[in-house]
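Trainee: One structure, pasted below without further comment.
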Amino acid sequence: MSMRIVRTIPELRALLKALREGGSRIGFVPTMGYLHEGHASLIRQSTARCDHTVVSIFVNPTQFGPAEDLAKYPRDLERDQVLCQKHGATVLFLPEPSEIYPTGFSTFVEPGELGQVLCGAFRPGHFRGVATVVTKLFNIVQPDLAFFGQKDLQQTVVIRRVVRDLNLPVDIVVAPTVREADGLALSSRNAYLSPEDRQRATALSRGLLAADAAFRAGEQSVAALLALAQKELGEVDELQYLELVDAHTLERTADPIARTVALCVAAKVGTTRLIDNVLLTPDPEAVQFLSHLDAD
Ligand code: AMP
């Protein structure tokens, strides 16, 4: 089946209405483009579970701070189109900023405390922008299922909360982080890294995986796990945070670790800001966390 490229909301609504009336289950993968294997894994999960998969590419201005990388965010629409088609997407939605934020736009979704910790402390307004655009995209696409990566764990927690609090009729699926062979989590922003910074960027995943290995081997102390991760993070230029938090509420974990926790890191390597996380689970609960459609 060939993939339809749609740029306006009315055109997308008409197309999806027809598909829905034909009984199709709609999957949705929102992205900011410059797609990689992490995005591809989300598209494949959607095509496996849904009759039609809508991928959106929209570099959302409201989730970038004034000093952030909105203007230079990497773009390669031709390559993105090929990737979407190859992995079975049937609709590619490419709205202009004015389509999503027409003149006079003034209504935002404010996620509260969940949007203020971790990345939220370093990116004021970021999760308000994310929550707003994702809510709008859900209203535009009206998917049955929407797919997000664990790589952006706080984003998944915020979105699940928005869906619950605003009674949005969509199920959220969170898929595992796809990594390079040396552990670095795939990210569109990895394109910013110089060859030397690219080497040093493995510090994030090395730190997380060292703590994960120790946890699996029986280490239960929060302080000891954080210290193990920290040891690997000496090479980064600015460690913004390294925290062990409850994977559902993002509250800081204290001993003993009784439910699934996330070890989360954000750091700058050169001028590039990178994030990563791993889930530490006392039992097979992690598998449930990832596949559970309605966590909390
Ligand atoms: P982005 O284009 O960076 O906004 O990401 C779009 C979606 O892809 C989000 O749900 C991300 O969490 C997900 N994603 C980004 N990187 C990865 C990765 N390495 N593995 C899995 N999912 C990812």
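The values are calculated or read from the model by the stated rules, or taken from the named source; none is laboratory data. What you are looking at is a predicted structure, and each value in this text was computed from that prediction instead of being measured. Glycine also receives a Cβ, built like all others from the backbone with ideal geometry; neighbour counts cover every protein chain displayed. Heavy atoms of the whole protein, side chains included, go into the accessibility calculation; ligands, DNA and RNA do not. Shrake-Rupley method; radii C 1.70, N 1.55, O 1.52, S 1.80 Å.
Trainee: Within the stretch 46-62, how many residues are outside any loop (DSSP other than H, G, I, E, B) and buried (at least 20 other Cβ atoms within 10 Å of the Cβ)? If you could, list the steps in order and put the result at the bottom.
Mentor: Of the residues in the stretch 46-62, the ones outside any loop (DSSP other than H, G, I, E, B) are 46-49, 52-57, 61-62.
With the extra rule that they be buried (at least 20 other Cβ atoms within 10 Å of the Cβ), the set shrinks to 46, 52-57.
Selection size over the stretch 46-62: 7.
Trainee: So which of Asp144, Asp165, Asp182, Asp212 is touching a Lys or Arg at 6+ places or on another chain (Cβ under 6 Å), farther than 23 Å from Leu70 by Cβ and open to solvent by 10 Å² or more (accessible area, probe 1.4 Å)?
Mentor: Details: Asp165 fails: touching a Lys or Arg at 6+ places or on another chain (Cβ under 6 Å); Asp182 fails: touching a Lys or Arg at 6+ places or on another chain (Cβ under 6 Å); Asp212 fails: touching a Lys or Arg at 6+ places or on another chain (Cβ under 6 Å).
Only one candidate qualifies: Asp144.
Yes/no matrix, rows are residues, columns are (1) under 23 Å from the mean Cα position of the chain (by Cα); (2) within 15 Å of the ligand (Cβ to nearest atom); (3) over 20 Å from Cys119 (Cα atoms):
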{"residue": "Asn190", "(1), (2), (3)": "yes, yes, no"}
{"residue": "Glu196", "(1), (2), (3)": "no, no, yes"}
{"residue": "Ala201", "(1), (2), (3)": "yes, yes, no"}
{"residue": "Ser205", "(1), (2), (3)": "yes, yes, no"}
{"residue": "Phe215", "(1), (2), (3)": "no, no, yes"}
{"residue": "Ser221", "(1), (2), (3)": "no, no, yes"}
{"residue": "Gln240", "(1), (2), (3)": "yes, no, no"}
{"residue": "His248", "(1), (2), (3)": "yes, no, no"}
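Trainee: Looking at the stretch 68-86, is at least one residue in contact with a Leu (Cβ under 6 Å, 6 or more places away or on another chain), open to solvent by less than 20 Å² (accessible area, probe 1.4 Å) and not in a loop (DSSP other than H, G, I, E, B)? I'd like the intermediate steps shown before the answer.
Mentor: First pass over the stretch 68-86, keeping only residues in contact with a Leu (Cβ under 6 Å, 6 or more places away or on another chain): 80, 83-84.
Narrowing the set further to residues that are open to solvent by less than 20 Å² (accessible area, probe 1.4 Å) leaves 80, 84.
Retained after the next criterion (residues that are not in a loop (DSSP other than H, G, I, E, B)): 80, 84.
Scanning the stretch 68-86 turns up at least one residue that is in contact with a Leu (Cβ under 6 Å, 6 or more places away or on another chain), open to solvent by less than 20 Å² (accessible area, probe 1.4 Å) and not in a loop (DSSP other than H, G, I, E, B).
Trainee: Do any helices (runs of 4 or more DSSP H) lying entirely in the stretch 183-246 carry at least 3 residues that are touching a residue at least 40 places away in the same chain (Cβ under 8 Å) and of a type outside the set (Lys, Arg), and which ones are they? Walk me through how you get there before you give the answer.
Mentor: Working: elements: 195-200, 202-216, 222-232.
Answer list for the stretch 183-246: 202-216.
Trainee: Filter the stretch 148-169 for residues that are more than 7 Å from the ligand (Cβ to nearest atom) and in contact (Cβ under 8 Å) with a residue 60 or more places away in the chain and give the result.
Mentor: Leu153, Gln154, Val157, Arg160, Arg161, Arg164
Trainee: Take the conditions without any contact (Cβ under 8 Å) to a residue 24 or more places away in the chain and either open to solvent by 10 Å² or more (accessible area, probe 1.4 Å) or within 16 Å of the ligand (Cβ to nearest atom) (or both) and apply them to Pro102. Does it pass?
Mentor: Details: without any contact (Cβ under 8 Å) to a residue 24 or more places away in the chain: yes; either open to solvent by 10 Å² or more (accessible area, probe 1.4 Å) or within 16 Å of the ligand (Cβ to nearest atom) (or both): yes.
Yes; evaluated as a whole, the condition is true for this residue.
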